[in-house]
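Participant: If you scroll down you'll find the structure; I have some questions about it.
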Amino acid sequence: MEQILEGFTLGLSSRYGPAQPEEVAVRKPAQGTLALCLLVAGLGIAVIATGPAAAAIATAGDLPDFEGPVVSINRDARTFTVNDRHAGVVRIRVNGSTLYEHLSGFGALRKGLLVDVEARRSNGQWIAVHVEREHD
């Protein structure tokens, strides 16, 4: 992998400026090396995303995204559940860092409200990073 990266660096330096002395000994990469590196990087992301919530991930590199109606709300525990068409019913916790869009906050959540939630996994729980009210 190091040789590929060094080769890639050499390709960039020969295209955008003089090569550094330590890069001169490395042969120029074959045509298509950049595409191969990007393909490998893309596969790496795909492998990382093959967990239980993989179906809920919108695009590689994004946080898992849960979309659907709010099924229940537990105000004391600061959690709510969303019925996502791919992942099923998912319990999500909010905290002081949760951002809201088209909602005034956690108190504005109502059963049946359509939401789009980006969440991260922490200690076995989904923590809402961003909650957006969806418009019909």
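The values are calculated or read from the model by the stated rules, or taken from the named source; none is laboratory data. Here the structure is a predicted model, which is why all the values come from computation and not from measurement. Heads up, the Cβs are rebuilt from the backbone with ideal geometry, glycines too, and the neighbour counts pull from every protein chain shown. Accessible surface is based on the protein model in full, side chains and every heavy atom, while ligands, DNA and RNA are left aside. Shrake-Rupley method; radii C 1.70, N 1.55, O 1.52, S 1.80 Å.
Participant: For V129, are the conditions met, namely being closer than 20 Å to D62 by Cβ and aliphatic (A, V, I, L, M)?
Facilitator: On the way: closer than 20 Å to D62 by Cβ: yes; aliphatic (A, V, I, L, M): yes.
Yes: the conditions hold for V129.
Results for (1) crowded, with 17+ Cβ neighbours inside 10 Å; (2) in a strand (DSSP E or B); (3) touching a helix residue (DSSP H, G or I) at 6+ places or on another chain (Cβ under 7 Å), shown as yes or no for each residue.
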{"site": "A77", "(1), (2), (3)": "no, no, no"}
{"site": "V82", "(1), (2), (3)": "yes, yes, no"}
{"site": "H86", "(1), (2), (3)": "no, no, yes"}
{"site": "R91", "(1), (2), (3)": "no, yes, no"}
{"site": "N95", "(1), (2), (3)": "no, no, no"}
{"site": "R110", "(1), (2), (3)": "no, no, no"}
{"site": "E118", "(1), (2), (3)": "yes, yes, no"}
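Participant: Are there any pairs, at least 6 apart or on different chains, whose C-beta atoms fall under 7 Å, with the first in the range 78-89 and modelled with pLDDT of 95 or more and the second open to solvent by 70 Å² or more (accessible area, probe 1.4 Å) and β-branched (V, I, T), and if so, which?
Facilitator: What qualifies is T81/V89; N83/V89.
Participant: Can you find, within the range 42-75, the residue that is modelled with the lowest pLDDT among those that are in a strand (DSSP E or B) and hydrophobic (A, V, I, L, M, F, W, C)? Even if it seems obvious, please write down each step before you answer.
Facilitator: First, the residues of the range 42-75 that are in a strand (DSSP E or B): 57, 64-74.
Now drop any that are not hydrophobic (A, V, I, L, M, F, W, C), which leaves 57, 66, 70-71, 73.
Working: I57: 42, F66: 96, V70: 98, V71: 98, I73: 98.
Selected residue: I57.
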